[in-house]
1. Just checking: which of the strands (runs of 3 or more DSSP E) contained wholly in segment B:26-80 hold 1 or more residues that are within 11 Å of chain A (Cβ to nearest Cβ), closer than 20 Å to residue A:81 by Cβ and in contact (Cβ under 8 Å) with a residue 24 or more places away in the chain?
2. Being at pLDDT 85 or above, more than 9 Å from chain B (Cβ to nearest Cβ), open to solvent by 30 Å² or more (accessible area, probe 1.4 Å) and at negative phi: is that true of residue A:74 here?
3. Please go through (1) part of a strand (DSSP E or B); (2) aromatic (Phe, Trp, Tyr); (3) away from chain A (no Cβ under 13 Å) for residue B:451 and return the number of the only condition it doesn't satisfy.
4. List pairs: first in segment B:81-92 and more than 13 Å from residue B:66 (Cα to Cα), second charged (D, E, K, R) and surrounded by 12 or more Cβ atoms within 10 Å (Cβ to Cβ), Cβ under 6 Å, 6+ apart or cross-chain?
5. Taking segment B:575-587 as the search range and keeping residues that are aliphatic (A, V, I, L, M) and away from chain A (no Cβ under 14 Å), which one is nearest to the chain's Cα centre (by Cα)?
6. Look through B:741, B:748, B:681 and report the one residue that is closer than 30 Å to residue B:648 by Cα and touching a Phe, Trp or Tyr at 6+ places or on another chain (Cβ under 7 Å).
7. Just the residues that are of a type in the set (A, V, I, L, M), touching a Phe, Trp or Tyr at 6+ places or on another chain (Cβ under 9 Å) and not in a strand (DSSP E or B), please, taken from segment B:81-91.
Amino acid sequence: MDKLTLILINQLFEIERKLVTKQVNAVDRNFERVKHDLQESGIKVIDPTGEKYEDTRTDCQASIVGDLGKNMVITRTMKPIVISNGPNGMELVQRGTVIVEKA
Amino acid sequence: MRTINYAIDLGTTNSLISRSENGEVRVFKNPFGQREELPSVVGFRGERILIGDKALEYLEKDPGNVFGGFKRKMGTDENFWIESQARTISAIELSTIVLKELKNFVQDDKSINQVVITIPASFDTVQSNATKKAGHDSGFTNVVLLQEPIAACLAFANTHKDVDKKGKWLVYDLGGGTFDVAIVSIGEEELKVIDHKGDNYLGGMDFDNAIVEKILLPKIISIEGCSGWQAKSEQKTSDFQKLYFILLNKAESIKKELSGSPVAMLDLTILNDNGEEIDLYFDVTRDQFNEVITDKVNYSMSLVDDLLKVNDLSIKDIEQVVLVGGSTLVPLVKQSIENKLGASVNQSVDPTNAVVVGAAHYAGTKIAIAEKSSEINTTSEIEKSSFNVELSYLKATREICEMVLLKFSGEFNGMNYRIVRSDKGFDSGLKSAGPKSMEMVNLIPNVANHFEVLFFNADQSPIEGHSKEMMIVHGQYNVDGQPLPNDICLEIDDFDYDRTKLETIFKKNDILPLKKRLYRELSKTILKSGSDSLIINVVEGNGNSSPSSNQVIGCIEVKSEELDFDLIKGTEVEIDIEVSESRDLTVSVFLSMTDQEFKEVFSPTSRNVSISRLKEEVQLLSRKVESEFRSLESTENYEQLQKVVDMRDELSEISEQLKTAENSMNSDLKYHLEERKRKVAQKYDTLESAGKGSVEKSRYLEEKQYTLELFEKHPDIDRRFRSKFDQITSTEEDMMKSDMAHFARVKADELSTLNHDIGWESGENVANIFFYYKHVYLEKYLDRKKAEKLIEAGDEAIDKDRMSEVKSILHQLHGLLPKEEKEKVTIQGTGLG
């Protein structure tokens, strides 16, 4: 995947996050459309916010805030996980940049 | 004679591995994360060994179990205490783990056993020997050490073979966390480090922190309503720690952006003192950045001064300055060196990997020691690893993580295993094998997840030939789910052949529930003032048969009067189709042009039938039956003929009743008629397939052959034709097995249209089409005189092989045809293309 596509995906992710926070839903359909087209062309953009975080998750680059605990959760995603369907199957194109805290 | 070829930069902060390949150097990427650098950090979390990025995440939070910077302790008797395992580990052992992990970066060569490892110029004999031991312990039989400044000089010298190399070079190495400066003397045949200085706690990370602490945080605190961050920062609250990490991430981007541009924009969302999210946008200039890092850069320059002074050298004694380390990309660093030394600063080699690149150049010339026993060793490894492992896991799941059970038997003591997802988004790390080991693996939603299980000896060396593969499908396939009994399809227009056709949305045996979103274009204009409508017709049956032989399970008819505006051909329609586990069908249609949404839930007990659509279907079917009747009339196949006559009668009956259905009090009538029509259509499909299936299949093969010939003849033809061809032929196997003549006909027609399009694009068919317009339509043109002139010009263009001109003439001739000739489309259709 070229760098520009990745930059655009990250920007879209950021724009969507801001709009959701401000409860602006007028462009929901446009976002759904973009996501649909990305998916159709074999690109998966995953927001792992809310998911459990473990040492084994090499799909994320985490900054751990506060104390460590048994159950750690991703509380904020700065960059989403991007996976592309390449000639050798699924390929991790971008690791998510996330903040992890104790649940 | 073989050379060593491989080189490793075993750094304090990051490590890299490279290979010399016929004079070119390749720096390998970490298969996890695709970065060249592997952070030199090792963690022991539970039974797991984490190496690199994952370990780095825990370095600050779990210092009792995660270790970095151990290079500084090489050659000392200081050991590290691992809290979770209640044992100590030496810097050599930690380096060994990093070196073995680097070996895993090289996927195409499993027999690396000789290497050049770089060491700082400051390393004494004990430290050098400790590095060598780590190399041997990680499985290298021959370890050659090379000083980092020399490696860096080699990288530059090999890139610029024309540069006069003799003299004294200054190597300024500012990495992520350490700084070193060295003077290298280059003679005719010798490279020698004369002296060096450094600071183990100065690097690019200090620059990031300076941006956060001296630019970003003061700015945030100065904003009205955000002053509360001052107190939070003093108390180091968790909110503040979170903000600090976000700011550090932004600082890294700002630093990179300011390397190429004088201004970088910060775009940030933070919580104000009332807990509300606010968006901040402000610029950070390169001048501001320079101001906050000047003291650090000046400090590094003072070390350069000291080094020159101690060695009685003046600035003019330095021939070349070589910059190493990612932080030298900061303009102020380069500028300061240029201002101070006045010597030419060489930045032509990527400073982030210059050391490992130079070391590989060296390894490419260093003769490898002949190895006698490597093959024997490999055999004994395999003999030693006589173990068995049985994997148990669910092959399909709806959980986002799934348990894998590994049952080891035989000689597995001290062995380790590692489970890795093929996209490298999951890595169990190295785990020790037990009789019953368990691992939770994370899955990517809604896809088949492939994993590889790898096995390692106690010394972390891979056991070849024992890896296992497994696949777990997430989401769609629920083992307890119900499969669909038939295909579910959408009816779409096929105006090229005056018919509608089916597009399969869900296939037979797909597991419920199912959901899909489609985007389609309108195939015709629907005027608000007209009588046309848009029909979303969802049918159940065989996706390869004709639409009318399938059962309608949901139909939304958007009538023209319901529209807010006219719908123009080509605009987009968004369709969501969902089938629940209890078989409720939800269809929703969104018209982007009018911003209107139509949604309906159809349950299997309340089918929806559009009378206008049914009338049209009966009409189309009658036409096909009539044509079949005519073709059989002249034959003596009375049995078939009788069947066709029965069908004709039944359709005529349905047609009659449909005339009154709209106003009938009997609300069941339309469902009854729809069912009768479907039965006739199924009979027709069967009857027709018996006679024409093989004919249509032959036609398909002929068309396919012609397409291939066209591709061969016009190898430069637009790629879209090839992808269309691939799409059409992708169902060939199913089509050949099917007994539906309709399926083969649709595919043959699609190929025929494609051939026509290729013929037009390549000019192959243009002459034929022209002759058709010249002779067949001659009597029909509205302006005969004009047409004759155009034909005359067309003849001339053909003689001179000017096909684009002929195409233009054809467009004009087409415009002269009467409306009925131009529009041969007779079906109303669904409106979906």
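The values are calculated or read from the model by the stated rules, or taken from the named source; none is laboratory data. Worth saying up front: this structure is predicted, and the values here are computed from it rather than measured. Here Cβ is always computed from backbone atoms with ideal geometry, including for glycine, and neighbour counts include all displayed protein chains. For the accessible areas, the whole protein counts, side chains as well, though only heavy atoms, and no ligand, DNA or RNA atoms are used. Shrake-Rupley method; radii C 1.70, N 1.55, O 1.52, S 1.80 Å.
1. In segment B:26-80, B:48-51 are the strands (runs of 3 or more DSSP E) which contain 1 or more residues that are within 11 Å of chain A (Cβ to nearest Cβ), closer than 20 Å to residue A:81 by Cβ and in contact (Cβ under 8 Å) with a residue 24 or more places away in the chain.
2. No.
3. Only one criterion in (1) part of a strand (DSSP E or B); (2) aromatic (Phe, Trp, Tyr); (3) away from chain A (no Cβ under 13 Å) is unmet by residue B:451, namely (3).
4. Short answer, once both residue conditions are applied: B:92/B:133.
5. Looking at the filtered set, the residue picked out is B:579.
6. Sole residue among the options that is closer than 30 Å to residue B:648 by Cα and touching a Phe, Trp or Tyr at 6+ places or on another chain (Cβ under 7 Å): B:748.
7. Result: B:91, single match.
Each row is one residue, and each column tells you yes or no for (1) in a strand (DSSP E or B); (2) basic (Lys, Arg); (3) under 30 Å from residue B:46 (Cβ atoms).
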{"residue": "B:96", "(1), (2), (3)": "no, no, yes"}
{"residue": "B:99", "(1), (2), (3)": "no, no, yes"}
{"residue": "B:108", "(1), (2), (3)": "no, no, no"}
{"residue": "B:116", "(1), (2), (3)": "yes, no, no"}
{"residue": "B:126", "(1), (2), (3)": "no, no, no"}
